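Read-outs throughout are calculated quantities, based only on the coordinates presented, and are distinct from any laboratory measurement. If you're wondering where the values come from, they're calculated on a predicted model, not measured in any experiment. Using ideal geometry, Cβ is built from the backbone for each residue, glycine included, and neighbour counts are taken over all protein chains shown.
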Amino acid sequence: MAFTGKDELEELYRGKFLRLVKRGRWEYVERTNAHCAAVIVAVTDDDELLLIDQTRVPLGGRVIELPAGLVGDQGDIPEEALEEAANRELIEETGYSAARWTPLIDGPPSPGLANEHLFFLLAEGLTKVGEGGGVGLEDIRVFRVPLAEAEDWIMARKAEGEIVDPKVFAGLYFLLTRRK
């Protein structure tokens, strides 16, 4: 069955943050509280990549990730800009603020499952402004990994059985490609 764009959209379920919809025979998820997400490739002046890990309930454990967060999910900031949201999330998760933002790549992370769109941003000119670790019930750990050792560090974590979000590899790739 070909998608014509004319199929009626049917809402199957609505939660607080997500809704499940159906268009033709295709079921997928939409966010109800944000319009996109920022994925942050943060590099310190000492050439260290900032990585985090946090518990991800759907996977049943902690996941090593790039700092990231939703854009437009703050009710008190109705027209939140991408860089504003990225800096807010970077501060919340890592305790660092960035002076410079450079777009790297954007696109859908799972186009068969959701309509979500990600924007990878390079964050530079970092200044430590807080503790990080997340907000509320978040329990985020921060890792400062020398960029020259990042791939080995990540693969060692995987070999130990830790879960690594593939977006880490994508962010590292686009960072290194940009630096060539």
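Below is a table of values for the structure above.
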quantity: Rounded tilt (10° steps) of 167-179 against the dominant C-alpha axis of the chain; calculated: 60
quantity: Between segment 101-177 and segment 1-56, the alpha-carbon center distance in angstrom; calculated: 17
quantity: Angle in degrees between helix 82-94 and the longest Cα principal axis of the chain, rounded to the nearest 10; calculated: 60
quantity: Computed [θ] at 222 nm, deg cm²/dmol, the chain (DSSP H ≥ 4; -39,500 (n - 2.57); rounded to nearest 500); calculated: -6000 deg cm²/dmol
quantity: Along principal axes, Cα extents of the chain, largest first, whole Å; calculated: 53, 39, 35
quantity: The chain: relative contact order in percent, alpha carbon pairs under 8 Å with at least 6 residues between; calculated: 23
quantity: Hz values of 3J(HN,Hα) by residue in segment 122-132 - Karplus curve (6.51, -1.76, 1.60), Gly and Pro given as x; calculated: 7, 10, 9, x, 6, 10, 6, 10, x, 7, x
quantity: Relative exposure of TYR28, TYR13, judged by other C-beta atoms within 10 Å (fewest first); calculated: TYR13, TYR28
quantity: Filtered GluC sites (Glu not before Pro), segment 82-180: DSSP coil and at most 15 other beta carbons within 10 Å; calculated: GLU131, GLU138, GLU160, GLU162
quantity: Charge-dipole axis of segment 17-146 as Lys and Arg at +1 and Asp and Glu at -1 on Cβ define it, positive-most pick from ILE91, THR44, THR32; calculated: THR32
quantity: Nearest-ten-degree value, helix 150-159 long axis tilted from longest Cα axis of the chain; calculated: 60
quantity: Percent antiparallel among DSSP beta bridges (both partners in the chain, rounded to 5); calculated: 80
quantity: Distance violations [Cα-Cα > 29 Å] among LYS16/LYS167; LYS128/LYS180; LYS16/LYS128; calculated: LYS16/LYS128
quantity: Value of D in µm² per second that Stokes-Einstein yields for segment 43-121, Kirkwood Rh from Cα pairs, at 20 °C (1.002 mPa s); calculated: 151
